[in-house]
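A quick write-up on the structure given underneath.
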Amino acid sequence: MEEMKMIHVSGNADEPVFHLTNGLLSYIFTVRQPVGVLEQLYFAKAIRPQADYSYLKIRRHHHGAQVFDDNRLLTYEHMLLEYPVFGTTDFREEAVSVHYPAGDSTSHFRYLSHTLTKEKAQLDGLPQSFSSERDASESLIIRLVDDYSGLELQLNYSIFEGLSLITRSAIYYGSEKETVYLDRAMSSALDLPDHRFELISSYGAWAREMQMERNPLIHGIHEISSRRGTSSHNHNPFIALARPETTEQQGEVYGFNLLYSGNFVNRIEVDSLNRTRLLQGIHPEQFRWKLGAGDVFTTPEAVLVYSDQGLNAMSQTFHDFYRRHLIRSPWLKRERPVLINNWEGTYFDINEEKILEMAAVAKEMGIDLFVLDDGWFGQRDTDNSSLGDWFADLRKLPNGIEGLADQIHEMGLLFGLWFEPEMVNPGTRIWNEHPDWVIHVPGKHRTPSRHQYVLDMGRAEVVDDLYDQISKVLAAAKVDYVKWDMNRYLTEVMSLALAADRQGETLHRFTLGVYALYERLIKRFPDILFESCSSGGGRFDAGMLYYAPQAWASDNSDAISRLKIQYGTSMAYPLQSIGAHVSAVPNHQTGRMTSLALRTAVASFGTFGYELDPRRLSEAEREQIKKDIGAYKAMQALVADGDFYRQHNPFESNLCSWFIVAKDQSKAVAALYTRHFEMYEAWPRLKLEGLDPERLYRVSGPGQSSIERYGDSLMHVGIILDGNDEDASFADRQYLGDFSALIFHIEAVN
Ligand code: DGJ
């Protein structure tokens, strides 16, 4: 038996069994001979490494098409497959589909060899998780070959210490024998032996991202995907398969995500034998990749989480994984600056004087970073011009970005700047000089969306031009933060740099170009804090986190809408990555009036900031904001590192609640929000989790009230909001009503 700490290989050379386990989960598969096909055996809670796993193999005969006349037991249709192919007796959705020169798509990938390694396989040009000193990872590499074309396939698996997940990816190597086209190349395929699951997924739109849904699986095929060129507002690459009885606090659930920012698919198939197959990867539609000798195609990395302790534990696993093994920015460990962004305060109506006035008030209130949003470049007075002309508009900013940045720094603030690199407006230099750099189909209608068009980021010369322009601005001025926006989807997709038989590569090459530009800017300016954005949360995905440690979660800054958006986003993404700002009322998107206290209480559970014109705040509001920023800074370490728990679900009730507990259990902060208040509904009890039952905690509620309780009481009884503690009337009248928030700070006293 070959051994690493977390990967065990048993069986014989022809039919090895691979068991990945870290004491939290086990992932087991084998090679099925005489065909050399990989067979999935088990993925769930950890079981011990064993000498013989043959009892896991499904060997009961069902009626079906046999692969060979003399072997009644071998029908692919009845096996749990690790990476199914097209054209066999497995009639379910395939992980790979190869288009051969003869015009057919039947392939057969046969196991060749495997390697165990401490190094993760490099996924060139793609976001990818890494091993860290604190928690090592181990990797298993499986090599297969397509009998028919000589195409080689490498399947990569990694497992990490202390985290209940594995990651998977695939790399294809073109063969000298013949040139083929990949019509589908999934990152991961998983067969589970039953279908007693509910699908948890999100849907949304601009300003209404990450709306969570939960539905029973039904027989047939269902997909959660994007075909918009980005991961999109409409669906997120995160999904989960939960047992019907699973709640936030308990039960079995599998969580899935993809480290990718372009078209993706989660395709779920429940077959007639009641098994569930899940494919994760680049969406196969509008995809075709040519592979000849020497060519390599690498899929994005898929993340597969297992939890037997409910959705909160699943989310915490994702959060810890991204914090420890994906986010590279030095800002991961630094205190994030409290920022003010001028967008909702001014929109395009900016000039140096106004910005400096706003910055002065912001500084007085304790804000750390001033972000200048859209409108500072070219001649951009509305959204119909100048994208692609990345130089300062001297009409508005007579001292340029350098002069403005210097003055902002002199005030003691950091300075941030907005870009939308991937786009171009008619009339700009790029548009006039390089019409072929714009994605479009000659002779066919081009859709303008927000008056703008998309650059062909798959072309190296486009990335070079943008890199030169943007780095010139960033090198000349002291810029501490960049907001990278992307405000339209891709339509009429065609690259004028690619031959007809390579047009199916355009979208993936576009995404790779975005990553390449990020990579070059990060390397050149490693200290800049990047925030990604795509009309709010249109590209909020794990791929982006590899480059930008925070993302603007939604253009909807209304606190009540944000409860759902942030609740949904927290399913897979750490709080510190969720850009959340206090904006003015009536809210610019919803028209809703809410208190400053509520807006602050919601934005505090994310990367905190303001998005308004501070000059319009009253004296009293400015004073309050000073205190609020102090309070946020006191809880910021929890937002950065703590374990996040959701409790009252705003998609199901009038309430929303959540809390963060420090990893050492010394502190916590909890929030309960009322979206709509009803009389004579019993007051909810806020049952904390993750505290030390033996420790005594002081709970400070609204006003001056505080109580002391042991961890066991806070977890099993909960904070009683209508209790009779004389001095702890948490349910005081002033906190009742619609759109209200109660915040509790919990601190161990022993
Ligand atoms: C969309 C972003 O989400 C907003 O925050 C803002 O930056 C605008 N674009 C500017 O055009």
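The values are calculated or read from the model by the stated rules, or taken from the named source; none is laboratory data. On a predicted model such as this, the values are computed, not experimentally measured, just so you know. Reconstructed Cβ throughout: ideal geometry from the backbone, glycine too, with neighbour counts over all protein chains shown. Areas reflect the complete protein model, heavy atoms only, side chains present, ligands, DNA and RNA absent. Shrake-Rupley method; radii C 1.70, N 1.55, O 1.52, S 1.80 Å.
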Q. Want the number for Glu652 to Phe677: 0.36 nm per residue separation, take away the alpha-carbon distance, what's left?
A. 7.6 nm
Q) For the cross-link pairs Lys523/Lys633; Lys564/Lys687; Lys478/Lys564, which exceed 26 Å when the distance is taken from alpha carbon to alpha carbon? A) Lys523/Lys633; Lys478/Lys564
(Q) As an exercise, use a Förster radius of 25 Å and the Cβ-Cβ distance of His222 and Glu119 to find the FRET efficiency, rounded to the nearest 0.05. (A) 0.10
(Q) Apply the a/c threshold of 1.5 to the C-alpha gyration tensor of segment 339-412 and tell me whether it is rounded, prolate or oblate. (A) prolate
Q. How big is the accessible area of Ser604 in square angstrom, nearest 10, if you roll a 1.4 angstrom probe over the protein chains?
A. 10 Å²
Q. What dipole magnitude, in Debye to the nearest 20, does the chain give about its Cα centre under +1 on Lys/Arg Cβ and -1 on Asp/Glu Cβ?
A. 200 debye
Q) Just going by the charge dipole of the chain, with Lys and Arg at +1 and Asp and Glu at -1 on Cβ, which of Val639, Leu291, His19 is farthest out on the positive end? A) His19
Q: Compute log10 of I(q)/I(0) for segment 82-137 with the Debye formula, placing one identical point scatterer on every Cα and leaving out solvent, at q = 0.13, 0.22, 0.24, 0.26 Å⁻¹, to two decimals.
A: -0.59, -0.94, -0.98, -1.03
Q) Can you list the HN-Hα couplings for segment 599-609, worked out from phi with the Karplus curve (6.51, -1.76, 1.60; θ = phi - 60°), rounded to whole Hz and with x for Gly and Pro? A) 4, 5, 5, 7, 5, 5, 9, x, 7, 7, x
Q.
Suppose each label sits 7 Å from its Cα in the direction of the beta carbon; what would the Glu492-Gln250 distance come out to in nanometres?
A. 5.8 nm
Q: When you have a sec, figure out the Kirkwood radius of the chain from all distinct Cα pair distances and drop it here in Å to one decimal?
A: 27.3 Å
**Q.** Rg to Rh quotient for segment 578-702, alpha carbon positions, Kirkwood Rh
**A.** 0.98
Q) What lysines sit close enough to Lys57 to cross-link, taking a C-alpha to C-alpha distance under 27 Å and skipping anything fewer than 8 places away on the same chain? A) Lys5, Lys45
Q: At a 1.4 Å probe radius, which order do Trp206, Trp331, Trp658 fall into by accessible area, largest first?
A: Trp206, Trp331, Trp658
Q) Regarding segment 454-603, what is the average projected area of its C-alpha convex hull, in nm²? A) 10.6 nm²
(Q) Test of understanding: express the Cα radius of gyration of segment 103-182 as a ratio to 2.2 N^0.38 Å, with N the residue count. (A) 1.29
Q) Over segment 1-153, what is the relative contact order in whole percent, taking alpha-carbon pairs under 8 Å and six or more residues apart? A) 15 percent
Q) Taking a probe of 1.4 angstrom, what is the accessible area of Thr247 in Å², to the nearest 10? A) 50 Å²
Q: Could you pull the Rg and Dmax for segment 44-95, using just the Cα atoms, both in Å?
A: 13.5, 38
Q. Straight-line reach from Lys627: which aspartates and glutamates have a Cα under 20 Å away, not including same-chain ones fewer than 8 places off?
A. Glu335, Glu364, Asp368, Glu611, Asp613, Glu619, Glu747
Q) Based on the alpha-carbon gyration tensor of segment 264-365 and its eigenvalue square roots a ≥ b ≥ c, which shape applies: rounded if a/c is under 1.5, prolate if not and a/b is larger than b/c, or oblate? A) prolate
Q.
Test of understanding: what is the full-extension gain from Lys523 to Lys472, defined as 0.36 nm times their sequence separation minus their Cα-Cα distance?
A. 16.9 nm
**Q.** Relative contact order (%) - segment 394-530, alpha-carbon pairs under 8 angstrom, separation at least six
**A.** 32 percent
Q) Taking only C-alpha pairs under 8 Å that are 6+ residues apart, what is the relative contact order of the chain in percent? A) 10 percent
Q. Tell me, how many Å apart are the Cα centres for segment 393-410 and for segment 242-314?
A. 47 Å
Q. 222 nm [θ] for the chain, helices only, -39500 (n - 2.57) per DSSP H run of 4+, per residue, to 500?
A. -5500 deg cm²/dmol
Q | Selection from Gly504, Leu691, Tyr260, by position along the positive dipole direction of the chain (Cβ) | A | Leu691
**Q.** Residue-by-residue Karplus 3J(HN,Hα) for segment 228-241, coefficients 6.51, -1.76, 1.60, Hz, glycine and proline x
**A.** 9, x, 10, 4, 5, 6, 7, 9, 10, x, 6, 9, 9, 10
**Q.** Cα principal axis extents for segment 522-573, largest first, Å
**A.** 39, 19, 16
Q) Straight-line reach from Lys290: which lysines have a Cα under 16 Å away, not including same-chain ones fewer than 8 places off? A) Lys177
Q: With a bin width of 5 angstrom, please list the P(r) values of segment 1-85 as percents of all Cα-Cα pairs, from the 0 bin to the one holding the largest distance.
A: 3, 15, 24, 23, 17, 10, 6, 2, 0
Q: Could you please state, rounded to a whole Å, how far the C-alpha centre of segment 152-175 is from the C-alpha centre of segment 575-630?
A: 43 Å
